[in-house]
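Just so it is clear, none of the values below were taken in a lab; they were calculated from the coordinates. Note that the structure is a prediction, hence the values are computed from the model and not measured. Quick reminder, even Gly has a Cβ in these numbers, built from the backbone with ideal geometry, and neighbours come from all protein chains shown.
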């Protein structure tokens, strides 16, 4: 190998060494084509949800008995439903419920699961055993079944559905946080922080928590996708967003009776759920690869 090639390799290695972890992760993420495509789709749905009143061609709850189950046309691009409502308008406004449910549900799970997992992993002993057994008991019940049970107990509404989904997703974050903390707290820099007299709360919040955030971020991205599916399932069962407010799950519930005569009623909300969930999983995969320190 020539001296020029060796020098170029040395300069590249030096630049990668001096590059900040955040910039290096962003550069890796931008090279992940699937993650970029997912981000574009997610950003599109976020813009649709934010500016729904300006983008939507019709009122999503306005009915018309002369437009019942009309196929897609120039006036109604996605067709109309069994009450003559424009499906495109309802898909656009339904993005609000789904994205909001995903974000708030995962925020609830993070706000409960991360502190409990941090406490269990760092303290150990009886506290760890108690939190771990409660977590195991919750994990013994499937995620969606637990969410349905909690939503039925709290009552049918979008807010209660988000609370139910958030509580059901909490055990995953408790277990992940606990495992990450137990792996990190024996590192040399944590022992050094303990040796110089840092109190336990400072070690946990300043030295341990920032170093487990990448794993939590990836899990949160994947959990948002699961929460969107769960919200659609609860709305499909009548436990989420209540009619006439638009929701992708309730749209599928209404469409199940007309799959033969009006398949477009099920295609568009189903496609919206598919695209958002697939995009979030692609972004999660990209973040995992970008934040993995073993990746070069």
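Table for the structure above
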quantity	calculated
Among 210, 243, 71, residue whose mean-square fluctuation peaks in a GNM of the chain (springs only between Cα atoms under 10 Å)	210
Hull volume in cubic angstrom per residue (convex hull over the Cα atoms of region 85-231)	111 Å³
The chain: relative contact order as a whole-number percent, Cα under 8 Å and 6+ apart	25 percent
More than 35 Å apart - percent of Cα-Cα pairs taken over the chain	34 percent
Folded to 0 to 90 degrees: helix 143-154 orientation relative to the chain principal axis, Cα	60 degrees
Label point distance in nm, residue 141-residue 127, each placed 7 Å from Cα along Cα→Cβ	2.7 nm
Mean residue ellipticity (222 nm) of the chain, computed from DSSP H runs ≥ 4 via -39,500 (n - 2.57), nearest 500	-24000 deg cm²/dmol
Virtual spin-label span in nm between residue 157 and residue 69, 7 Å along Cα→Cβ	3.4 nm
For the chain, built as a Gaussian network whose Cα springs stay under 10 Å, the top-fluctuating residue of 275, 130, 209	130
Principal axis dimensions, largest first and in whole angstrom, of region 186-296 by Cα	72, 34, 17
Gaussian network model of the chain, Cα within-10 Å springs - most flexible of 98, 73, 223	73
For region 90-155 versus region 193-238, the gap between their alpha-carbon centres in whole angstrom	11 Å
Prolate/oblate/rounded label for region 31-115 (Cα gyration tensor, a/c 1.5)	prolate
Rounded tilt (10° steps) of 158-184 against the dominant C-alpha axis of the chain	20 degrees
Cα long-axis angle, helix 209-236 against the chain (0 to 90 degrees, to the nearest 10)	20 degrees
